[in-house]
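The values are calculated or read from the model by the stated rules, or taken from the named source; none is laboratory data. The structure displayed is predicted, hence computed values, not measured ones. FYI the Cβ positions are ideal-geometry reconstructions off the backbone, even for glycines, and counts take in every protein chain you see. Accessible surface is based on the protein model in full, side chains and every heavy atom, while ligands, DNA and RNA are left aside. Shrake-Rupley method; radii C 1.70, N 1.55, O 1.52, S 1.80 Å.
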Amino acid sequence: PMATMFWMTLLVGGSFAALPPATTIVDLRGASLPSSLAALACSGLYNRNPTSHGAVYTLMGDEDVGWLADIFNVTNPPAITPEAFVVRCLHDGVARGRIRYNFTSQKEIVPNIVTLAGVLDSVPLEDGASAAANATMTLDALEVLNGFSSLQATEWVYDRHVNATSTISMMNPGLDFSKSQLHPPLTGNPPIGLADFIVKERIMNFFLANGCVPLTAENRLLQRMLVSNPWPRPITVYGYNNAHPVFGGDLFEAETGCTKQHNMGQVATDGVNNLAFWSRLPPISTPLRQNPPSSVRPFNKSRTYISLVVGDGDNVAFVKGSRKSWIKDRVSRCRSQPSSCFALDWSLSPHLLHLAPEWAQWYYRQSYSTSNDFFVLPPSGHTYSYPSEMSEENQKKFVELTERDCRIMSSSGTVAWEAAGSWGPAIQKYFPKYAANGVVRSLFAVNVPYDIPILEFGLDPKKNHFKLLGPGPTPAVLFRPREWRGEGAHCAGKVPLGKPACLTAADMAKEINTYTQGTSVHIYLTSDGGASLDTLYQLVPLLDEHVEVVDHGTLARMAVESVTNGS
């Protein structure tokens with residue numbers, strides 16, 4: 001009840017929440033990576049119980065400053081150095097002690113060191129750090145894990161601490177896969193921002209370069225880890241797996257096809273700091289208010305209905321940064337030119353409900369400013385995964401989780417990614433499951449890789465724009481993939497069949513205008529090829545009068561009514 005009252009007050013009341021009392025701001029801008037990692041670990045420990053010693057917020061970039069202003073109306077807050085903060089962390093007893101290690105010589109296993117910080121309630125500190133002198137040593141990793149590879153360190157941590165962990169995350173320590181797919185050199189640095197959340201939640205963090213490659217030692221270990229553990233199924237994977245990039249994407253980023261268990265799904269949070277702070281509040285459980293439908297008119301067979309879906313909302317780093325800028329731009333455009341404020345759907349990670357409830361509320365408040373912005377779940381519902389590959393038990397649970405997310409977000413749509421070759425089983429067995437409860441009605445298909453056609457929809461892109469799946473009065477509507485990544489040759493790059501996803505606005509409008517009237521379609525816009533909000537604003541004025549831009553719920557209704565009316 002208290003959580004419900006808090007969220008209702010924030011939604012209905014003023015625009016700003018109150019910054020928690022006794023919040024410590026730590027400025028990591030310009031700090032060394034070892035100093036920053038120590039401070040992030042302490043931030044995770046403090047934010048486990050912010051009522052005891054206060055909450056902690058770190059500044060790593062302009063986005064951190066911006067969210068303080070947008071949520072709390074706080075600008076130029078007083079901040080302390082990471083060194084002073086870590087000394088206080090140990091003095092307050094928030095941390096039990098120190099993990100001795102060396103960032104440079106043990107960079108490959110820094111992800112594992114972060115896991116140990118969480119399960120041992122400790123701070124990773126190098127020799128010579130100001131806070132190290134009088135700190136109790138909880139683990140001498142420099143001695144115990146000396147010379148360990150990521151494979152050896154991951155196995156060591158798993159064998160000793162798996163039962164103390166809550167789920168898993170992946171953090172590339174700096175391997176460069178552009179130089180070699182199987183033996184990438186360690187030339188970069190780990191994106192350590194997520195360390196605060198990993199420590200707070202005691203997450204099993206690691207990176208196995210060939211963990212998803214069959215017949216490797218890394219894959220054998222990962223298989224073992226996924227069989228015996230305390231983690232809820234399907235397993236949520238934080239961070240990001242950017243191993244083995246191909247054709248502009250990362251082969252195993254969704255994780256589901258990584259092992260024979262097919263029981264993992266990605267929550268892309270690579271390098272995102274302050275999730276320990278933003279997740280300090282109880283998750284949102286009372287449904288958020290979505291704007292009313294963009295249209296209540298009945299189906300008209302002389303019209304073409306289209307939904308425009310802003311993609312990449314599964315990536316929490318995008319939600320923190322670029323998509324925040326986009327929706328601010330959108331609100332500004334709608335205020336200055338209300339007549340051009342077309343219906344627009346935004347994919348938005350349902351994990352904001354617990355990772356950053358205040359962000360979720362902020363995004364919804366922006367939509368109320370326009371009355372014509374809406375939210376759908378991103379790929380592929382609850383997590384970025386390929387659900388059709390999961391076991392029946394995990395698939396059923398995935399559907400339940402996706403429907404729960406939709407109920408709380410008051411949405412009836414989700415982007416649906418599946419791997420090429422799996423669409424037949426997905427259409428026959430997986431997607432129809434959503435018809436039973438009628439919670440998820442719009443499924444916006446995207447193939448992986450995106451440039452390969454889905455044969456189940458046929459080869460003519462101007463036909464078979466959707467399928468009604470499942471029995472009963474509330475079938476799920478699976479819409480044919482139509483991804484738009486940007487414009488021109490720079491967008492398509494070297495992707496063999498990438499040109500259709502890289503049309504100019506004029507050519508895309510020409511394609512849409514010639515669709516058979518009476519049909520319902522969607523465009524999934526991703527910025528991978530340079531597309532932006534401008535891309536949509538260039539498109540919409542070029543659409544013929546018979547083309548109506550609608551929200552995802554209206555689109556599903558029109559698709560069903562077109563079949564019912566025999567269009």
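Structure data summary
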item	result
The chain: Cys lacking any partner C-beta under 4.7 angstrom	Cys406
Val376 long-range amide H proximity, modeled H, under 5 Å	Trp346, Ser347, Leu348
Modelled FRET efficiency - R0 30 Å, Ser149 with Arg233, Cβ distances, 0.05 increments	0.55
5 angstrom amide H check on Ser307, placed H, neighbours 5+ away	Val521, His522, Ile523, Val550
Efficiency of FRET between Leu182 and Leu33 - r from beta-carbon atoms, R0 25 angstrom, step 0.05	0.40
Segment 227-346: C-alpha gyration tensor shape, a/c 1.5 cut-off, then a/b vs b/c	prolate
For Val123, distant residues with modelled amide H under 5 Å away	Gly97, Arg98, Ile99
Virtual paramagnetic centre 7 Å along Cα→Cβ of Ala217, amide N under 19 Å, in segment 136-175	144-160, 173, 175
C-alpha center-to-center spacing [segment 363-381, segment 11-90] in angstrom	28 Å
Label corresponding to Kirkwood radius over Cα pairs in Å when calculated from the structure given, among (1) 30.6; (2) 27.1; (3) 24.6	(3)
Per-residue HN-Hα couplings for segment 381-389 [Karplus 6.51, -1.76, 1.60; θ = phi - 60°; Hz; x = Gly/Pro]	x, 4, 9, 6, 7, 10, x, 5, 8
Among beta bridges that DSSP assigns inside segment 57-212, antiparallel share in %, nearest 5	10 percent
Helix axis angle, 2-12 relative to the chain longest principal axis, alpha carbon, degrees	50 degrees
Shape of segment 280-420, Cα gyration tensor, a/c cut at 1.5	oblate
Flagged links, alpha-carbon separation over 21 Å, of Lys107/Lys320; Lys320/Lys397; Lys301/Lys463; Lys260/Lys396; Lys462/Lys510; Lys301/Lys499	Lys107/Lys320; Lys320/Lys397; Lys301/Lys499
The chain - percent of accessible surface contributed by carbon and sulfur, probe 1.4 Å	54 percent
Residue (of Ile192, Gly239, Phe207) at the positive-pole extreme of segment 168-308, dipole from beta-carbon charges	Gly239
The chain - accessible surface per residue (Å², probe 1.4 Å)	38 Å²
Table column - 3J(HN,Hα) (Hz), segment 214-227, Karplus curve with 6.51, -1.76, 1.60, x for Gly and Pro	x, 6, 9, 5, 4, 5, 5, 5, 4, 4, 5, 4, 7, 8
Residue-count net charge about Ser150 - beta-carbon cut-off 12 Å; Lys, Arg +1, Asp, Glu -1	-2
Estimated 222 nm signal from helices in the chain, with DSSP H stretches of n ≥ 4 weighted -39500 (n - 2.57), rounded to 500	-9500 deg cm²/dmol
Phi-based couplings in Hz for segment 271-277 (Karplus 6.51, -1.76, 1.60; Gly and Pro marked x)	x, 7, 8, 6, 5, 5, 6
For Met390, net neighbour charge (Lys/Arg +1, Asp/Glu -1) across residues whose Cβ lies under 14 Å away	0
